[in-house]
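The values are calculated or read from the model by the stated rules, or taken from the named source; none is laboratory data. The shown structure was predicted, so the numbers you read here are calculated from the model rather than taken from an experiment. Ideal geometry is used to build each Cβ from the backbone, glycine not excepted, and the neighbour counts take in all protein chains shown. All accessible areas refer to the heavy atoms of the entire protein, side chains included, with ligands and DNA or RNA removed. Shrake-Rupley method; radii C 1.70, N 1.55, O 1.52, S 1.80 Å.
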Amino acid sequence: MMFKSIFVKLLVTYLAIIISVIAVLSLFISMAYSWYVFDQKQQELEKTGYYVNELVNKLERKEISQTELNSSLDSMGYISDSSIYAIRIDKKALENPKSIQLGENLEESYLFSDLQKILNGENVFRKKQYSQKFDMYVVFSGIPWKTNSGISGAILLFSPISQISSNITKLNLVIWIMALVLIILSAIVIYFNSLRISKPIKQMEIAAGKLASGERSDDLVVVNSADEIGKLAKSFNYMKQQLVGIEKMRSEFIANVSHDMRTPLTSINGFVSGMLDGIVKPEDYNKYLTIIKDETLRLTKLTNDILHLAKIQSGSIRLFRENLIVKTILDSVISSTRALVEKKSIELALECDNTITVYADSDKLKQILINIIDNAVKYTRYGGEIGINVSLRYKPSVTEFRIRDTGIGIPAEELPLIFEKFYRVDKSRSSPGGTGLGLNITRSLIELHGGKIWVISELGAGTEIIFELPQ
Ligand SMILES: Nc1ncnc2c1ncn2[C@@H]1O[C@H](COP(=O)(O)OP(=O)(O)OP(=O)(O)O)[C@@H](O)[C@H]1O
Ligand SMILES: [Mg+2]
């Protein structure tokens, strides 16, 4: 349960690693120090031993007096903090240890085995040995007493261990106090670092929970780092803003649709009621029924557009692409708008080579062209002109369509908006039948083909819609 939070996980893992590393390191340093101290002591005792060897040989050769030797041994013993013995033993005597008389109370059990080694020419060193003679633990070093005629005995040095031990204990104390301080310092750093890593994650978790339960809040996750967590938090914030945006769009969409449906339904209801109540005279029936028919058509168009939009957005629309002769498609689209064009006495010029092809879905391309040409006709005054130009472009290979009119134009600040859903420039001047979905559907269909669309327009002078589709 406790280990469920990332913060605790990070904290425990880091601490475990740091503590073990520091503990192993401290143990290692402390062992290395103890080894070093004993090694130094061994070297010191052996060096002293060699010097004693020298001196006793000098005494044998009568180069120095016993007094001189004693005073030298005293000072060496003092300097090396040790008791020094030079013992002459016959190797054979060791075969029966009990017969040996070492004197000076030196008969200690470990010594006999050591003496055997020493007389065989080995150096012996004991780090920690209890000595009955001194009644304490000692460091013991024994070396062969070498003379010209061979090994004639042993030189033994005993040094109390207490000094060395207290040094080692002191240093161990320093090492472990430092280790503790280091662990505490790292724990503090680890604590804040774990907090820094886990805090945005925790915030995101809470925010995601709120988002999922539909709770509305505008507060974003605070990001201070540029690492993966920082990036994740940024993406999360972005996602949240997008979701809020989508939610806003959804409610706007519903509001727009309801509004666009209510207007025709209200007028249909009004006229039908008028007829039933007898307020509308039978001779006017034709006029009002025509209006009702137009309104019904408008509702049908709105419903179709919305269905179409929903299909595009859900990604369920499938394109059946083939190589199409553009001219054929255009001819059929133009003939379907002919009636309206002629009614407004609009001059329509088409420039398109018979050879130009495009790789597209024939029905979708027709719909794209109908939407754009329908706009051009709708927003061009009586007697205006519409020019359609299709050409091939290379690098990249696209077919470019330009539909130009001499209509009312679009204000510059409205240009980026005309492709939005339900967006209609100044509703009073737009055609009454429009839903504002035409260009949005058009753009979606073009993008579905991997193409793009843009617009150039001058208010009062005319508009040019340009779009490209891959060949
Ligand atoms: N050729 C054009 N000249 C001037 N304004 C245009 C032209 N084409 C589009 N517009 C403006 O852009 C708006 C959006 O166009 P869109 O085709 O999406 O909607 P609509 O024509 O109003 O309705 P719908 O096409 O759904 O019947 C229009 O309402 C109009 O204000
Ligand atoms: Mg339109």
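Using the crude model of +1 on Lys and Arg Cβ and -1 on Asp and Glu Cβ, and no other charge, please compute the dipole size for region 275-380 relative to its Cα centre, in debye to 20.
Dipole magnitude for region 275-380 comes out near 200 debye.
Multiply the residue separation of Ile188 and Ile64 by 0.36 nm, subtract the distance between their alpha-carbon atoms, and state the gained length in nm to one decimal.
Separation in residues times 0.36 nm, less the Cα-Cα distance, equals 37.8 nm.
Which residues in region 187-231 place their backbone N less than 20 Å from a point set 7 Å from the Cα of Ala16 along the Cα-to-Cβ direction?
In region 187-231, the label zone of Ala16 (backbone N under 20 Å from the point 7 Å along Cα→Cβ) covers 187-195, 197-198.
Specify the angular offset, from 0 to 90 degrees and rounded to the nearest 10, of the alpha carbon long axis of helix 6-60 from the longest principal axis of the alpha carbons in the chain.
Once rounded, the angle reads 20 degrees.
Around Asn224, with a cut-off of 15 angstrom between Cβ atoms, what is the net charge of the other residues, counting Lys and Arg +1 and Asp and Glu -1?
+3
Keeping all protein chains in the complex and leaving out DNA, RNA and ligands, what accessible area do you get for Lys452 with a 1.4 Å probe, in Å² to the nearest 10?
Ignoring ligands and nucleic acids, Lys452 comes out at about 110 Å².
With everything on Cα atoms, drop me the angle between helix 162-212 and the longest principal axis of the chain, reported from 0 to 90° to the nearest 10.
Around 10 degrees separate the two axes.
Please name whichever of Tyr423, Ser72, Thr266 sits farthest to the positive end of the charge dipole of the chain, dipole taken about the Cα centre and charges placed at Cβ: Lys and Arg +1, Asp and Glu -1.
Among Tyr423, Ser72, Thr266, the one farthest towards the positive end of the dipole of the chain is Thr266.
Would you check the accessible area of Tyr238, probe 1.4 Å, heavy atoms only, in square angstrom rounded to 10?
140
How tilted is helix 326-343 with respect to the longest principal axis of the chain? Cα atoms for both, answer in degrees (0 to 90, nearest 10).
So the helix axis and the longest Cα principal axis differ by about 50 degrees.
Contour minus end-to-end for Gln116 and Asn323, with contour as 0.36 nm per residue of separation and end-to-end as the Cα-Cα distance?
Between Gln116 and Asn323, full extension yields an extra 63.8 nm.
Which FRET efficiency, nearest 0.05, do Thr263 and Leu340 yield, Cβ-Cβ r, R0 35 Å?
0.95
With θ taken as phi - 60° and the coefficients 6.51, -1.76 and 1.60, list the Karplus ³J(HN,Hα) couplings across region 224-233 in order, rounded to whole Hz; mark glycine and proline as x.
For region 224-233, the Karplus curve yields 10, 10, 9, 7, 4, 5, x, 5, 4, 4 Hz.
If you take the beta carbon distance between Ser332 and Tyr238 as r and set R0 to 51 Å, what does 1/(1 + (r/R0)^6) give as a FRET efficiency, to the nearest 0.05?
Efficiency for this residue pair is about 0.70.
Going by amide H atoms built from the backbone, whose H comes under 5 Å of the H on Trp145, apart from near neighbours?
HN-HN under 5 Å from Trp145: Ser152, Gly153, Ala154, Ile155.
If I compute solvent accessible area with a 1.4 Å probe over the protein chains, what percent of it on region 189-236 is carbon and sulfur?
Carbon and sulfur: 59 percent of the exposed surface of region 189-236.
Along the positive direction of the dipole of the chain (beta-carbon charges: Lys, Arg +1; Asp, Glu -1; about the Cα centre), which of Leu348, Ala32, Leu171 reaches farthest?
With unit charges placed on the Cβ atoms, the residue in question is Leu348.
Largest first and to the nearest Å, give the Cα extent of the chain along each principal axis.
Principal extents (Cα only, largest first): 158, 58, 39 Å.
Need the full-extension length gain, Asn389 to Phe28, defined as separation in residues times 0.36 nm minus the C-alpha distance. One decimal, nm.
Going from the current span to full extension adds 121.4 nm.
Quote the charge dipole size of the chain about the Cα centre in Debye, to the nearest 20; the model charges only the Cβ of Lys and Arg (+1) and of Asp and Glu (-1).
600
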